[in-house]
Amino acid sequence: MELTRILANKKQNEIYGLIGNINITTNNNNYSIVTNYKFKDTVKEYLNSEKSLQALKIVMLNETYLNKKINELSESEIKIISLAKSLIENKPYIILDYFEKGLTDKEKENYKRLFKKLSKKYAKTILIFTNDLTFIWDICHSIFYVDNNEDINTYTKEEYYDIPISNIPKIKEFTNLLHEKDIKIANYKNVLDLLKAIYRLKGE
């Protein structure tokens, strides 16, 4: 399914989530796809721009990464450098492919803040492809669910309980706990506040 179809007629400069079954590909030149792209040579040669250092700083990496080769980088570092590349390309849409994998909880929160900044301050429309609802629920305008690369349903934050996630155990476990404790996602501004509420109720 073409990504342009998913985002057709959707409000721009927002963050969206995407879960389900889809190949993250597009021929549209307005899209930058952030993934673990296996580039050759050094990071500096891959970024190939006078803005390379500035882009690395924005994505929270320092200048020591410029001379690193791909075999010196972790999978998460490769994705972060791919994000820096997308900032240099300066396209209106940024697609993140399982970006959170390999990140610590603190790093996840830092990058979520960056995504919100890119969306609001730099007018980027961001689509986060993941199966981890806990990573996206508090920053997304809405979530798209794709089944068998065909059917799309759109869910607002108040409707996240309705996402058909029986084939995604981690999300199912999370939402089942929310149902059990009668916790409404829309009432919490960030995932840490939500987790505190869950643990507090769990102890009662």
query = Counting Lys +1, Arg +1, Asp -1, Glu -1, what net charge surrounds ASP41 among other residues with beta carbon under 13 Å of its beta carbon?
reply = +3
query = Thinking of the stretch 59-139 as a set of Cα atoms, what percent of all their pairs are more than 15 Å apart?
reply = 58 percent
message = Using a Cα-Cα cut-off of under 27 Å, which lysines could be cross-linked to LYS68, ignoring same-chain neighbours fewer than 8 residues away?
response = LYS38, LYS40, LYS44, LYS51, LYS57, LYS79, LYS85, LYS91, LYS101, LYS106, LYS108, LYS112
query = Plugging the Kirkwood radius over Cα pairs into Stokes-Einstein for the stretch 3-155, at a temperature of 37 °C and a viscosity of 0.692 mPa s, what D comes out in µm²/s?
reply = 208 µm²/s
ask   = Please state the Cα pair-distance histogram of the stretch 105-160 with 5 angstrom bins from zero: what percent is in each bin?
value = 4, 16, 26, 24, 18, 9, 3
remark   = Ranked on Cβ counts within 10 Å of their own Cβ, fewest leading, THR4, THR125, THR26 go THR4, THR26, THR125
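Any read-out appearing in this document is the output of simple, stated calculations on the displayed coordinates, not a laboratory observation. Computed from a predicted structure; not experimentally measured. Because the Cβ atoms are built from the backbone with ideal geometry, glycine has one as well, and the counts that use them run over all protein chains shown.
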